[in-house]
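See structure below.
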Amino acid sequence: MKFDDILGREDNPSYDVPSDLLCHMRDDTRFYRQMYYPTMAKCQDCYNNGDSNKALEIILPMVNQGVNDYIKKFDIAGNPEDLITMDERKGLAEQIYEEEVDGFKQGEY
């Protein structure tokens, strides 16, 4: 994040919002405990039942909540849809699943 981003001098952030959002969701202790880990536990259940398609439906609401939490925590002005599009959110949900699937295979959650 650049100094201009903090001051709100630019219309679009100069950083990769989906990557920054993912870091926030994994690194913010409260969000991780309340949303990320329980969501991954549900995905683990879906994986064990052979229903990996449903896992993405479970992850997307967590991503949406993560956007709201991210905006609130960092006091970002503007519309959440302008910060990260629905396509980017879906892409992030797929990325999370792909990165976590090895953990599901090992029963990590």
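The values are calculated or read from the model by the stated rules, or taken from the named source; none is laboratory data. All of these numbers come straight from a predicted model, not from anything done at the bench. Ideal geometry is used to build each Cβ from the backbone, glycine not excepted, and the neighbour counts take in all protein chains shown. These area figures cover heavy atoms from the full protein model, side chains too; ligands, DNA and RNA do not enter into them. Shrake-Rupley method; radii C 1.70, N 1.55, O 1.52, S 1.80 Å.
For segment 13-41 versus segment 51-109, the inter-centroid distance based on Cα atoms is 8 Å. How large a share of the accessible area of segment 13-88, in percent, is made up of carbon and sulfur atoms when the probe is 1.4 Å and the other protein chains stay in place? It is 47 percent, rounded to a whole number. So how many Lys-Lys pairs in segment 23-95 land under 25 Å Cα to Cα, not counting same-chain pairs under 8 apart? Count of close lysine pairs: 5.
Relative to the dominant Cα principal axis of the chain, helix 86-105 is inclined by about 40°. Think of it as helices only: each DSSP H run of n ≥ 4 in the chain is worth -39500 (n - 2.57), and spread over all residues that comes to -21000 deg cm²/dmol at 222 nm.
Near M86, once Lys and Arg are set to +1 and Asp and Glu to -1 for all other residues with Cβ below 15 Å from its Cβ, the sum equals -4. Only one of [x] 15, 46, 33, 6; [y] 15, 53, 31, 2; [z] 14, 46, 28, 11, 2 was calculated from the structure for P(r) over Cα pairs in 10 Å bins from 0, in percent, and its label is [z].
In order along segment 71-76, phi translates into HN-Hα couplings of 5, 5, 5, 9, 6, 8 Hz, rounded to whole numbers, per the Karplus curve 6.51 cos²θ - 1.76 cosθ + 1.60 with θ = phi - 60° and x for Gly and Pro.
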